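Visitor: First, the structure itself, so that you have it in front of you.
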Amino acid sequence: MPTVLGFEGSANKIGVGVVRDGAVLANPRRTYVTPAGTGFLPGDTARHHRAVVLDLLQEALTEAGLTSQDIDCIAYTKGPGMGAPLVSVAVVARTVAQLWNKPLLGVNHCIGHIEMGRLVTGATSPTVLYVSGGNTQVIAYSEHRYRIFGETIDIAVGNCLDRFARVLKISNDPSPGYNIEQMAKRGKKLVELPYTVKGMDVSFSGILSFIEDVAQRMLATGECTPEDLCFSLQETVFAMLIEITERAMAHCGSQEALVVGGVGCNMRLQEMMETMCRERGARLFATDERFCIDNGAMIAQAGWEMFQAGHRTPLSESGVTQRFRTDEVEVTWRD
């Protein structure tokens, strides 16, 4: 019964999780929140992570009721993500692994999301819509790889939402996406926005540029409200994501769809995905904010799968990389 400790800190969330044979024993998390109208800078985010990571480690062990002797492996996010936060957490993982004399495993952040989603929902072989602040991909498993069928050609959908929130000075607490979702529920008017799907890929930079250009004028003249803009943006970008996910499901003959990543806990996105799946006779799998949003348990779970399959990361190869594609990893733990 291997027990794996996972460190995640690729963006503004830092988490430490403990997983044992499919059971999440602990999963504490902290978020670096900046003032409305601003984003989070790599250096500041890394300082936040360094300040709280040891407290989180102790909190995770206490919550799980374990000591260092009970841990079999240390997993950490190798990438993709922001450089400084990745490094700050990797240094802690390497140090802990050496102090406790445990094997180390560098985990692909995207695969952490997928494996956590599969564990929590019970999905067997789904088409995956992975949507977050740094990534937007439609993925399906085939021949020991998570194959990318479609993706953003510029910015991620979560980044589009975050930067839109800055234009309207929407609060970052608890997150810009959550506050946009709540405001969108009060929207009454659908403002026509650029809809950019290119084959199996999507583009969000044009939508963002359009809103940055017209938002203040439309609000000043009373053409629409901030709530209308939130509603319109969600409806447009989510429809684009549904379109490419459905096309991937048709190509793969899939009867399962799984939504993962921070944007995946948006209830409107889940509702639209559910409608599409129901019309196809397929089934939707989704999780709540405990596991959609970046967390340590997802890294521990992917690490657990890799550990069981015999993977180890030598200290000499335990660096981080800001660019680490989902399809670069050989998935030896699946048939």
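Visitor: Is it true that VAL263 is aliphatic (A, V, I, L, M) and open to solvent by 10 Å² or more (accessible area, probe 1.4 Å)?
Guide: Numbers: aliphatic (A, V, I, L, M): yes; open to solvent by 10 Å² or more (accessible area, probe 1.4 Å): yes.
So VAL263 fits the description; yes.
Visitor: Anything in the stretch 185-210 that is open to solvent by less than 20 Å² (accessible area, probe 1.4 Å) and either modelled with pLDDT under 95 or under 23 Å from the mean Cα position of the chain (by Cα) (or both)? List them, or say none.
Guide: Result: VAL202, SER203, PHE204, ILE207, LEU208.
Visitor: Name, by its number, the condition in (1) assigned to a helix (DSSP H, G or I); (2) over 18 Å from ILE153 (Cβ atoms); (3) in contact (Cβ under 8 Å) with a residue 24 or more places away in the chain that does not hold for LEU241.
Guide: Condition not satisfied by LEU241: (2).
Visitor: Among what's in the stretch 64-89 and is hydroxyl-bearing (Ser, Thr, Tyr) and part of a helix (DSSP H, G or I), pick the residue that is surrounded by the fewest Cβ atoms within 10 Å (Cβ to Cβ).
Guide: If we filter the stretch 64-89 for residues that are hydroxyl-bearing (Ser, Thr, Tyr), which is where we start, we get 67-68, 76-77, 88.
Applying the additional criterion that residues be part of a helix (DSSP H, G or I) yields 68, 88.
Numbers: SER68: 14, SER88: 23.
It comes out as SER68.
Visitor: Right, next: Has the stretch 46-63 got at least one residue that is closer than 22 Å to GLY319 by Cβ, in contact with an Asp or Glu (Cβ under 6 Å, 6 or more places away or on another chain) and either assigned to a helix (DSSP H, G or I) or open to solvent by less than 30 Å² (accessible area, probe 1.4 Å) (or both)?
Guide: no
Visitor: Considering every residue within the stretch 143-150, establish whether at least one is touching a residue at least 12 places away in the same chain (Cβ under 8 Å), open to solvent by 10 Å² or more (accessible area, probe 1.4 Å) and within 15 Å of the chain's Cα centre (by Cα). Even if it seems obvious, please write down each step before you answer.
Guide: As a first pass, look at the stretch 143-150 and keep what is touching a residue at least 12 places away in the same chain (Cβ under 8 Å): 144-150.
Then drop every residue that is not open to solvent by 10 Å² or more (accessible area, probe 1.4 Å), which leaves 144-145, 147-149.
Filter again for within 15 Å of the chain's Cα centre (by Cα), leaving none.
No, every residue in the stretch 143-150 fails to be touching a residue at least 12 places away in the same chain (Cβ under 8 Å), open to solvent by 10 Å² or more (accessible area, probe 1.4 Å) and within 15 Å of the chain's Cα centre (by Cα).
Visitor: So for the stretch 1-22 (the condition being open to solvent by 10 Å² or more (accessible area, probe 1.4 Å), part of a helix (DSSP H, G or I) and not polar (S, T, N, Q)), does at least one residue qualify?
Guide: Here is the first cut: in the stretch 1-22, the ones open to solvent by 10 Å² or more (accessible area, probe 1.4 Å) are 1-2, 11-13, 20-22.
With part of a helix (DSSP H, G or I) added as a condition, the list becomes none.
The answer is no; no qualifying residue exists.
Visitor: Turning to a different aspect of this structure: What pairs come out if I take residues in the stretch 106-121 that are in contact (Cβ under 8 Å) with a residue 40 or more places away in the chain and over 22 Å from LEU315 (Cα atoms) and pair them with residues that are charged (D, E, K, R) and part of a helix (DSSP H, G or I) whose C-beta lies under 8 Å away, six or more apart or interchain?
Guide: Taking only residues 6 or more apart or on different chains, the pairs are GLU115/GLU305.
One line per residue, one yes/no per condition, for (1) among the aromatic types (Phe, Trp, Tyr); (2) touching a residue at least 60 places away in the same chain (Cβ under 8 Å); (3) under 21 Å from ALA156 (Cβ atoms):
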{"residue": "ILE14", "(1), (2), (3)": "no, yes, yes"}
{"residue": "VAL19", "(1), (2), (3)": "no, yes, no"}
{"residue": "ALA23", "(1), (2), (3)": "no, no, no"}
{"residue": "VAL33", "(1), (2), (3)": "no, yes, yes"}
{"residue": "ASP44", "(1), (2), (3)": "no, no, yes"}
{"residue": "LEU57", "(1), (2), (3)": "no, no, no"}
{"residue": "ASP70", "(1), (2), (3)": "no, yes, no"}
{"residue": "MET82", "(1), (2), (3)": "no, yes, yes"}
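Visitor: With respect to TYR130, is the statement that it is aromatic (Phe, Trp, Tyr) and either open to solvent by 10 Å² or more (accessible area, probe 1.4 Å) or out of contact with any strand residue (DSSP E or B) (no Cβ under 7 Å at 6 or more places or on another chain) (or both) true? Step through it out loud before you land on a result.
Guide: Values: aromatic (Phe, Trp, Tyr): yes; either open to solvent by 10 Å² or more (accessible area, probe 1.4 Å) or out of contact with any strand residue (DSSP E or B) (no Cβ under 7 Å at 6 or more places or on another chain) (or both): no.
No: the conditions fail for TYR130.
Visitor: Also: Need at least 1 residues that are on the phi < 0 side of the Ramachandran plot and touching a Cys at 6+ places or on another chain (Cβ under 7 Å) per element, so show me which helices (runs of 4 or more DSSP H) inside the stretch 141-229 make the cut, counting only ones lying wholly within it.
Guide: Numbers: elements: 157-167, 176-184, 205-220.
Of the helices (runs of 4 or more DSSP H) lying wholly inside the stretch 141-229, those with at least 1 residues that are on the phi < 0 side of the Ramachandran plot and touching a Cys at 6+ places or on another chain (Cβ under 7 Å) span 176-184, 205-220.
The values are calculated or read from the model by the stated rules, or taken from the named source; none is laboratory data. Quantities reported herein were computed from a predicted structural model and do not represent experimental measurements. Reconstructed Cβ throughout: ideal geometry from the backbone, glycine too, with neighbour counts over all protein chains shown. What goes into the accessible areas is simple: the full protein's heavy atoms, side chains included, and nothing from ligands, DNA or RNA. Shrake-Rupley method; radii C 1.70, N 1.55, O 1.52, S 1.80 Å.
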